[in-house]
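Trainee: Input: one structure, supplied below.
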Amino acid sequence: MKLAIIGLEQSGKATVFQALTGTPLSVGRKTESRIGTIRVPDDRVDQLSAIYRPRKTIFAQVEYFLPGAKAAGEDKKSGAQAYWTQVRDGDALIHCVRNFDAFGTTPPTPRDDFQALDQELILADLVSVEKRLERLKLDQRRGKQIDPEELALLSRCHTELESERPLRHAPELATAPKLRGFAFLSAKPQLVLFNNDDEDARLPDQATAIDETTAMVIRGKLEQELAGMRPEEAVEFLAEFGLEASAADRIIQKSYELLGLISFFTVGEDEVRAWTIPQGTTAVDAAEVIHSDIKKGFIRAEVLAHRDLMAAGSYAEARKQGTVRLEGKPYEVRDGDIIHFRFNV
């Protein structure tokens, strides 16, 4: 899972990146993309590791990246194009919106700031759509064979974008397989982070104007401090400011919800590991996440829910209780399933 952190100037997106990843920000690297990979906290992995005592314990991972800013002397058009090209690589967007006062700046206007950047996403997509439509229509005039479904879908995208509506508000377009290669910015799932003052934990009133998105508050400066603390210090710090979990943990949870992701586990003496898949993934497709050969030679999936293992106390006892079951290729994997794939290649 890869999420791009975007925002207007002075929104605090670099501070948010550091708070989420704990990666120090090097001076003078604003034109370079910065990437931070962190593990997904999951108590279930810890519990499974305590039972199996494996040689390796591998948590799922999430990658945050902060796209590089436009270089000095770079013209506005090419700079914007290069910036959005980086962002298109993300699975989802974290849109950082300023909601704090800072010396030398105007009072925050979160609703206007959100809409301003959202319009940039729409415009970047509109340019891409118009270029492709122009090419398709030119090919059509020259008598070349074109894909009528692609033409129809792009025409609908053009209508939406010209009306200043992001494509994420039209799920049938945002998820259309024919359009996947365009990686439209306004089609990507978006988590809106209101970057608040240290003492303000409330969503701004303007949040009600942000339609069909997920919004949450982060106190960026506090979270930046938290990222540099030792675990025991962090516990006290969270309690002092009335936080149940760090922003990183809360944002990961929201990101999973936003993208419709779940985790399943493989266990054994060698390794306990969490795997991330979209909700609704079948057993045979989950097998491919581990290795294509497992999918190719798939026979059955031996499945035990994590909660049933914990209730039984051991795999052997769970088997006696009848909670271990065999499933075929069409079985839809559930969050928390422990799976052993039987296969033959």
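Taken together, the values in this text are just the output of simple stated rules run on the coordinates, not laboratory data. The structure presented is a predicted model; accordingly, all values stated were derived computationally and were not measured. Using ideal geometry, Cβ is built from the backbone for each residue, glycine included, and neighbour counts are taken over all protein chains shown.
Trainee: At 222 nm, what value in deg cm²/dmol follows for the chain if DSSP H runs of at least 4 each add -39500 (n - 2.57) and the sum is divided by all its residues, to the nearest 500?
Mentor: It comes out at -12000 deg cm²/dmol, rounded to the nearest 500.
Trainee: Here is a further query. Once every Cα of region 280-343 carries one equal point scatterer and solvent is ignored, give the base-10 log of I(q)/I(0) from the Debye formula at q = 0.13, 0.20, 0.26, 0.28 Å⁻¹, two decimals.
Mentor: Each listed q corresponds, in turn, to -0.33, -0.72, -1.03, -1.11.
Trainee: State, to one decimal in nm, how far the label point of Lys56 lies from the label point of Asp205, with both points 7 Å from Cα in the Cβ direction.
Mentor: Those two pseudo-labels are separated by 5.5 nm.
Trainee: What's the extension gain from Glu63 to Gln47 if we count 0.36 nm per residue and subtract their Cα-Cα distance?
Mentor: Gain on stretching Glu63 to Gln47: 3.3 nm.
Trainee: Would you calculate the separation in nanometres between label points at Lys131 and Asp101, each defined as 7 Å from the Cα along the Cα-to-beta-carbon direction?
Mentor: Once both label points are built, they end up 4.4 nm from each other.
Trainee: Starting from the Cα-Cα distance between Ser314 and Glu332, subtract it from 0.36 nm times their residue separation and give me the gain in nm to one decimal.
Mentor: That pair, Ser314 and Glu332, stretches by 4.1 nm at full extension.
Trainee: Sticking with this one: Provide the net charge surrounding His340, with neighbours chosen by a C-beta distance below 10 Å and charges set as Lys +1, Arg +1, Asp -1, Glu -1.
Mentor: +1
Trainee: Between Ser33 and Asp270, what is 0.36 nm times their sequence separation minus the Cα-Cα distance? Round to one decimal in nm.
Mentor: 81.7 nm
Trainee: Greater than 22 Å separation of Cα atoms is the criterion. Which listed pairs, Lys137/Lys188; Lys131/Lys178; Lys56/Lys329; Lys13/Lys131; Lys2/Lys329, meet it?
Mentor: Lys137/Lys188; Lys56/Lys329; Lys13/Lys131; Lys2/Lys329
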